[in-house]
Structure formats: structure tokens, C-alpha cells
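The values are calculated or read from the model by the stated rules, or taken from the named source; none is laboratory data. Only a predicted model underlies this, so the values are computations on that prediction, with no experimental measurement involved. Reconstructed Cβ throughout: ideal geometry from the backbone, glycine too, with neighbour counts over all protein chains shown. These accessible areas exclude ligands, DNA and RNA; they are computed on the full protein's heavy atoms, side chains included. Shrake-Rupley method; radii C 1.70, N 1.55, O 1.52, S 1.80 Å.
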Amino acid sequence: MFEEPFRFVEAIANRREYIENELATGSPITALAYDRGIVLFTMGRDRQKIFEVYDRIALGALGHPGDIERLRMLAIELASTEGFTRSAADVSLRRLVNYSLSPGLKAAFEQIYGPPYLARLLFAELGASPSTDQFVRVDFDGAIHSNGNPALKTRPGFGVLSGTKRSETRMNAFLTQEHRSDLSLTEAVRVARDAWVVGHLALIAKDEFNPDAPFPTATEIHAAQTTVLTQAVFEAALLDRTRPDGPAYRTLDAAELAGLQG
Amino acid sequence: MPRPASESVAGAMLGFRDFPELLQARGLLPVASPAVGGANQPTQTQATTILAFKFAGGVLVAGDRRATSGNVMVYDRADKVIEIDDHSLMAIAGSPAAAWEMARVLSHSFQFYRRTQLQEMTVSAKVRALSKLLRDNFGLAMQGVGAVVPIFATFDAAHPFPGGKLFFYDVMGAQFEAADYATTGSGSPAMRGVLYHENTYGRAPLRSLDRDSAIGLALRALDTAAESDTATGGLDPRGKIFPVIKLVTGAGVISVADSDMTRMLPTRNE
């Protein structure tokens with residue numbers, strides 16, 4: 001096989017297609033800034049998809065639970081040992097993703113005799129101020145999509161993750177239009193939920209993709225959400241900037257979520 | 001790929017439940033070599049006074065601020081009552097180097113467990129984790145340099161009758177649950193006397209004291225300890241150095257502000 005470069009390219013392409021098919025049903029996750037921090041939101045059926053990594057880093061993940069678990073564990077171990085040997089302030093999402101996760105994911109993806117990771121990750125890191133909040137998506141092949149590039153003209157205060165490119169594109173466009181970083185928590189959860197529905201409708205759409213199609217109306221979003229909620233529940237967590245130090249991560253329990261829905 | 005250090009071969013259990021184990025795997029946890037010889041006696045390097053007792057609102061833990069080395073006063077603003085997590089305190093007497101490192105390992109352990117296992121560690125597991133750290137430190141303690149005798153206070157919200165819990169340890173890691181109060185450090189004999197007397201013959205048992213009376217008692221007791229123990233820094237309101245008093249309550253750990261202590265400062269008979 002190795003004397004035939006073409007077969008390597010073909011094998012990689014097959015592998016990409018296989019993984020993308022496996023991930024294509026993954027339920028969307030959004031992370032977005034609100035006036036007091038960052039909220040992560042998804043709707044799920046049977047397993048937890050939003051996790052705490054370190055004091056100011058949270059993770060949303062979709063894919064195979066076994067692979068998510070290995071990546072989650074790795075991220076927690078790296079962050080914890082760094083925080084222990086140096087200090088909590090030395091734990092950085094940029095370093096975690098760029099130097100550890102991405103190279104490893106790429107290697108696993110391209111070593112075609114070994115198993116790849118069937119997972120996509122969305123990290124959110126709470127900065128000292130909203131202008132340094134980071135939202136980083138890491139794909140199964142190690143590709144990184146970050147809002148943290150200093151060369152960016154605008155720095156979006158949100159990140160999205162979904163099963164397909166189409167769904168992510170739609171959610172991105174929707175949030176570019178709807179999201180402001182001074183939203184209250186209630187408004188932020190509503191925007192995150194609407195973005196989730198937009199992503200979900202794009203996931204299940206069978207027609208030709210038209211990126212300029214109008215977004216569903218409030219009534220359509222509500223109807224879609226009601227259908228989904230017959231089988232799924234909200235899941236949300238916060239990175240709370242008002243906590244003075246220590247862990248900023250907190251999950252929203254069912255009662256709080258019920259109060260925020262509207 | 002930097003795999004989780006815990007992941008050895010396919011099919012093996014994934015993930016450490018134990019943070020010290022992870023540190024060991026990465027070579028980050030210094031382990032004390034066992035004492036050579038055997039004739040060494042652990043020296044008492046517990047120059048401090050820590051007292052803790054249950055009051056109506058939870059557990060009060062107080063410590064003086066003096067750090068000594070032999071008969072030299074090294075530091076007069078040491079914080080010996082350390083927050084381990086939202087609802088737990090560890091107060092230390094003994095070698096500061098070993099004790100602060102222990103507190104650091106402990107607080108990271110609790111966080112690490114919650115993050116990886118997606119559940120809170122139980123109170124008995126937390127108490128046991130400290131016990132294990134003490135046992136691992138016993139080599140150093142036997143060499144006479146690293147003995148630590150801590151007190152651990154926490155709030156058990158998962159218990160059928162939620163409330164404050166108080167534990168004290170010996171240098172080998174044996175854990176004892178205190179019913180009402182616990183003390184450690186060189187000033188502790190005087191403290192035990194004061195607390196026993198207050199609890200048994202005082203105006204009210206310790207567990208019925210309100211917040212302010214509890215703080216007042218802690219200040220009086222520390223002053224009493226400092227009266228006879230050179231290694232205990234007592235009250236020095238002129239120098240604006242107050243003891244550290246922290247409360248473990250159902251709402252979490254609360255640090256008592258200096259201004260509160262000024263208000264509660266006991267009046268002395270002239």
C-alpha cells in the first residue's frame with residue numbers, strides 16, 4: 001500500500017467519508033457569550049454532552065461515546081497536571097488544543113491501520129473579559145476552527161458544533177445575525193435554543209442546500225422544538241464570569257432550565 | 001498522540017479516578033523515601049494552634065498566623081486554614097512545605113474526581129484521601145522534617161441529616177471523627193482544656209452557639225493558647241494581624257472578615 005501514494009489518498013478519503021457519515025446525526029451544540037459569561041446549550045436524549053474540563057474551560061462533544069470519553073479524559077488530565085504544577089491561570093485552551101489534541105487527532109486519523117476518533121469537540125474558554133473569550137472547534141482530523149485568531153476582523157462571541165457542515169454553516173449564519181454579547185441569560189438560552197433548532201432542521205433537511213434560504217420563523221422554530229422535546233431534554237451549562245476564582249463551570253438543573261424557557 | 005496517561009492497552013480501564021495516581025504516572029508526585037535506620041524519632045514540628053468546633057451554623061475552624069522554625073519566628077501572616085473546595089477546609093499543624101503541598105494535591109484531587117467521574121466525591125472518600133496522603137508522607141515525618149497533623153472540616157449535604165463534619169488525624173494518617181471539637185498544634189493542650197470546659201460547664205454547649213458567640217470563643221481560646229505557647233501568634237489587633245477564622249456552612253465556606261473579629265474581640269478584665 002505504501003508504495004502507492006494514490007491508495008493512501010483514497011484510503012484517507014474513504015475514511016473521511018465513513019467518519020462524516022457516522023457523525024452526521026450528531027445533535028448540534030452551541031456555546032455563546034452572555035452578559036455574565038458563557039452558556040453552552042444542546043438538546044439530547046440519553047447521554048450527557050456538555051462537560052467541565054477545568055476552572056474556565058468547558059467542552060461540548062458529539063460522536064462515539066467511547067472516543068469522546070478518551071478525548072475528554074485526555075483534556076482533563078492535561079489541564080489538571082498543568083494547573084497543579086504551575087497554576088490555574090497557566091492552563092490555556094490554545095495550548096491544549098494546538099499542541100496536544102490537534103496533532104494527536106490528525107495522527108490517529110491518518111494512521112489508516114489504527115482506529116480514528118469518531119468525535120467532534122467544541123471548547124469554550126472564559127477569558128478575563130468578553131473580548132478574550134475563546135470558542136474552538138476541533139474536528140476528528142485535527143482541524144481547528146477558532147475565534148481566537150488575532151488577525152480576524154470581527155471576533156464572534158459564539159461557537160457551534162453539529163453533525164454536518166451544512167448544519168454548522170446555518171447555525172453560524174443564524175448566530176451572526178441574532179447574537180449579541182450583552183444578552184441576558186434568559187435571552188442567551190433562547191437564542192442558543194433557536195440556533196439549535198436551525199441546526200437541527202438543516203441536519204434533517206433532504207433538499208438541495210441553499211445557504212441564502214430564510215431562517216425559520218418563530219412559529220416554525222417553536223413547532224420544531226415541541227416535536228423534538230417529546231423525546232429529548234434541554235442540557236445547558238455556564239461558565240460564570242462573576243465567580244471570583246476557582247471553577248467557573250456550573251450545570252443548569254431542570255428547574256432553572258424550565259424557568260429560562262419561554 | 002499524547003494519550004491519557006491512564007490508558008495502557010486496548011480494553012484496559014480508562015481514566016484515573018485518583019489524581020495522585022495520575023501525578024505519579026507523570027512523575028510529578030515526589031514520594032518520600034522511607035526513613036533509614038529506624039532509631040529516628042519524629043520531632044514535633046507542630047508549632048501552631050488550630051482549633052475547630054461545631055456550632056449552630058456548621059463548623060468553625062480557626063488558626064493563628066505565626067510560622068516558626070526552632071525558636072525563630074519566620075512569618076506572622078501564615079494562613080493555616082486552607083479552603084480545599086466549596087464546602088471543605090483543611091487546617092494544618094506541622095511542616096508547612098509538606099502541608100501546603102498536601103492541601104494542593106487534595107483540592108486538585110476533589111476537582112479531578114468531579115470532572116472525570118461526573119459526580120461529587122463522598123465525604124468519607126474525601127476524608128480517606130487525606131488519610132492516604134498522610135500515610136504516603138510518613139517517610140518524611142519519620143525523618144523528622146515533614147510531619148503534618150491536619151484537621152479536616154466539611155459539610156455533608158448528602159447525609160440523611162445534613163450537617164458539619166469534623167475530623168482530626170494523627171501523623172500516620174489515622175482518622176478520627178470529632179463529636180464536638182478538635183485541636184492540633186503545640187497550643188492544643190491549652191485549647192482542649194478551654195473547649196472541654198466551655199462545652200461541658202460553659203453557658204451553653206458549643207453546638208448551640210450562634211455565629212458571633214462562636215467567633216468570640218475562638219478568639220478568646222487563641223489568646224489563651226498564645227499566653228503559654230511561644231509558637232502561637234495570638235491576637236495582635238494593634239498590628240492588624242488577626243487569626244484566620246473560617247466557617248463551613250451549608251451555603252459553603254465563609255471567611256470571617258477582620259472587621260467582624262474586631263467587633264467580636266473579647267473584653268479583658270482589667
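Tally the residues that are within 11 Å of chain B (Cβ to nearest Cβ), without any contact (Cβ under 8 Å) to a residue 24 or more places away in the chain and over 20 Å from A:Leu122 (Cβ atoms), restricting the search to segment A:87-101.
1
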Notebook entry, point to check: Residues in segment A:188-197: is at least one crowded, with 18+ Cβ neighbours inside 10 Å, more than 26 Å from A:Ile57 (Cβ to Cβ) and touching a residue at least 12 places away in the same chain (Cβ under 8 Å)?
Noted result: yes
Checklist line | Yes/no for A:Leu62 being surrounded by 19 or more Cβ atoms within 10 Å (Cβ to Cβ) and in contact with a strand residue (DSSP E or B) (Cβ under 6 Å, 6 or more places away or on another chain) | finding: yes
Next item on the list: Give segment B:44-58 a look and list any residue that's within 12 Å of the chain's Cα centre (by Cα) and either aliphatic (A, V, I, L, M) or over 20 Å from B:Leu219 (Cβ atoms) (or both), or say none.
Entry: B:Ile50, B:Leu51, B:Ala52
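Here is a yes/no grid of residues against (1) more than 24 Å from A:Ile38 (Cα to Cα); (2) at pLDDT 95 or above:
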{"position": "A:Ala89", "(1), (2)": "no, no"}
{"position": "A:Ala107", "(1), (2)": "yes, no"}
{"position": "A:Gly114", "(1), (2)": "yes, no"}
{"position": "A:Leu118", "(1), (2)": "yes, yes"}
{"position": "A:Leu121", "(1), (2)": "no, yes"}
{"position": "A:Glu125", "(1), (2)": "no, yes"}
{"position": "A:Ala128", "(1), (2)": "no, no"}
{"position": "A:Thr132", "(1), (2)": "no, no"}
{"position": "A:Phe135", "(1), (2)": "no, yes"}
Notebook entry, point to check: Checking A:Glu52 against (1) touching a Gly at 6+ places or on another chain (Cβ under 7 Å); (2) of a type outside the set (Ser, Thr, Tyr); (3) assigned to a strand (DSSP E or B); (4) facing another protein chain (nearest Cβ under 10 Å), which test does it fail?
Noted result: (1)
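I'd like to verify a number: residues in segment A:85-134 that are out of contact with any strand residue (DSSP E or B) (no Cβ under 6 Å at 6 or more places or on another chain) and either in a helix (DSSP H, G or I) or of a type outside the set (A, V, I, L, M) (or both), how many?
Of segment A:85-134, the ones out of contact with any strand residue (DSSP E or B) (no Cβ under 6 Å at 6 or more places or on another chain) are A:85-90, A:92, A:94-96, A:98-100, A:103-117, A:127-129, A:131-132.
Subset that is either in a helix (DSSP H, G or I) or of a type outside the set (A, V, I, L, M) (or both): A:85-90, A:92, A:94-96, A:98-100, A:103-111, A:113-117, A:127, A:129, A:131-132.
Residues flagged as out of contact with any strand residue (DSSP E or B) (no Cβ under 6 Å at 6 or more places or on another chain) and either in a helix (DSSP H, G or I) or of a type outside the set (A, V, I, L, M) (or both) within segment A:85-134 amount to 31.
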Next item on the list: From the list A:Ala31, A:Ala11, pick out the single residue that is in contact (Cβ under 8 Å) with a residue 12 or more places away in the chain, crowded, with 23+ Cβ neighbours inside 10 Å and more than 14 Å from chain B (Cβ to nearest Cβ).
Entry: A:Ala31
Note to self: What's the number of the only condition in (1) away from chain A (no Cβ under 14 Å); (2) free of Cβ contacts under 8 Å to residues at least 60 places away in the same chain that B:Ser107 fails to meet?
What the structure shows: (1)
Margin query: For segment B:102-125, which positions are farther than 24 Å from A:Arg56 by Cβ and either assigned to a helix (DSSP H, G or I) or open to solvent by less than 20 Å² (accessible area, probe 1.4 Å) (or both)?
Written below: B:Met102, B:Val123, B:Ser124, B:Ala125
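Matching residues to (1) open to solvent by 30 Å² or more (accessible area, probe 1.4 Å); (2) within 19 Å of B:Thr116 (Cα to Cα):
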| position | (1), (2) |
| --- | --- |
| A:Val53 | no, yes |
| A:Ile76 | no, yes |
| A:Gly83 | no, yes |
| A:Asp90 | yes, no |
| A:Val97 | no, yes |
| A:Phe123 | no, yes |
| A:Ser129 | yes, no |
| A:Val138 | no, no |
Next item on the list: Output the number of the condition that A:Trp196 fails; it satisfies all remaining conditions of (1) in contact with a Leu (Cβ under 8 Å, 6 or more places away or on another chain); (2) within 29 Å of A:Pro65 (Cβ to Cβ).
Entry: (1)
Check: Among the residues of segment A:62-71, which ones are touching a Lys or Arg at 6+ places or on another chain (Cβ under 9 Å) and part of a helix (DSSP H, G or I)?
Finding: A:Pro65, A:Ile68, A:Arg70
